[in-house]
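Worksheet for the structure shown next.
The values are calculated or read from the model by the stated rules, or taken from the named source; none is laboratory data. On a predicted model such as this, the values are computed, not experimentally measured, just so you know. For neighbour counting, all protein chains shown are included, and Cβ atoms are generated from backbone atoms with ideal geometry for every residue, glycine included. Surface accessibility is based on the protein's heavy atoms, side chains included, excluding ligands, DNA and RNA. Shrake-Rupley method; radii C 1.70, N 1.55, O 1.52, S 1.80 Å.
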Amino acid sequence: MTVEAGVAITAALLAGSVALLGFGLDSLIELASAGTILWLYTGSRHRFEAAERRAQQLIVVCFAALALYIAFDAVHTLATATRPDTSWPGVAVSAAAIFLMPLLALAKGHVAAQLGSAATAGDAAQSWLCAISAAAVLVSLLVNAAAGWWWLDPIAGLAIAGLAVREGRKAWAGEVCADCAPVGFQPAAGSGQGGCC
């Protein structure tokens, strides 16, 4: 995630891509979320409901920060008609994340189910958001390169912000579930993995 964030943020700044920047910042937030889960399970904190709730709330703050920043950047980009450049490093890192992030999200989801931890399930949701963001970024970058549809980039950024708000609200309410996956990412029937809540 550190490499992913570094490549995505650098490529986004060079290309002026809102969606790619949102993806890179989401990777940083995912690192913060994972760090929160590590904090929760060091020492004896995991035995206390207050620590679980605090970890859950910290993850929600990460979702909210991402949504606010990307929404502002996307609206500004649309208002000023700032056109992003083509970013082939951005294409490469987002394509890799589409493959790797669902695997990480599923693994985190299984751990969350075993621990019965809503905070850990929220961290798994961060990984799903990263996979979805990567898909949106990849489409916007390729369409912009092929057809010059610059406006698709900030619109993809707004979609990422909307997903972050949705997942943050679910995490705050404790409604996240360990095996939840977005449409199109659910395991096949009979695979032995649990369904969504």
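The figures follow:
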| read-out | value |
| --- | --- |
| Additional length obtainable on full extension of the chain from TRP88 to VAL165, 0.36 nm per residue less Cα span | 24.9 nm |
| Top positive-direction residue, dipole computed over the chain with Cβ charges, set VAL165, THR36, VAL7 | THR36 |
| Nearest-20 debye value, the range 1-140 charge dipole, Cβ charges on Lys, Arg, Asp, Glu | 280 |
| Stokes-Einstein D for the range 48-150, Kirkwood Rh over Cα pairs, 20 °C, 1.002 mPa s (µm²/s) | 138 |
| ILE98-LEU31 pseudo-label distance in nm [points 7 Å out on the Cα-to-Cβ vector] | 2.5 |
| With every protein chain in place, the chain: carbon and sulfur % of accessible area (1.4 Å) | 68 |
| Vicinal HN-Hα couplings computed from phi for the range 110-121 (Karplus, 6.51 cos²θ - 1.76 cosθ + 1.60; Hz; Gly/Pro x) | 5, 5, 4, 5, 5, 8, x, 10, 5, 5, 5, 5 |
| Which labelled figure in [x] -0.51, -0.69, -0.95; [y] -0.56, -0.70, -0.88; [z] -0.40, -0.56, -0.84 is log10 I(q)/I(0) by the Debye sum over Cα atoms at q = 0.10, 0.12, 0.15 Å⁻¹, once derived from the coordinates | [z] |
| Distance between modelled label sites at ALA79 and ALA65, nm, 7 Å Cα→Cβ extension | 2.4 |
| Label-to-label distance, nm, for residues given as GLU49 and PHE72 (7 Å Cα→Cβ offset) | 3.7 |
| For the range 9-96: rounded, prolate or oblate by the Cα gyration tensor [a/c cutoff 1.5] | oblate |
| Whole-Hz couplings from phi, Karplus 6.51/-1.76/1.60, listed for the range 52-66; x for Gly and Pro | 4, 5, 5, 4, 4, 5, 5, 5, 5, 4, 4, 4, 5, 4, 4 |
| ³J(HN,Hα) computed for each position of the range 126-141 - Karplus, 6.51 cos²θ - 1.76 cosθ + 1.60, integer Hz, glycine/proline x | 4, 5, 5, 4, 4, 5, 5, 4, 4, 5, 5, 5, 4, 4, 5, 5 |
| Surface per residue (accessible, 1.4 Å probe) for the chain, Å² | 47 |
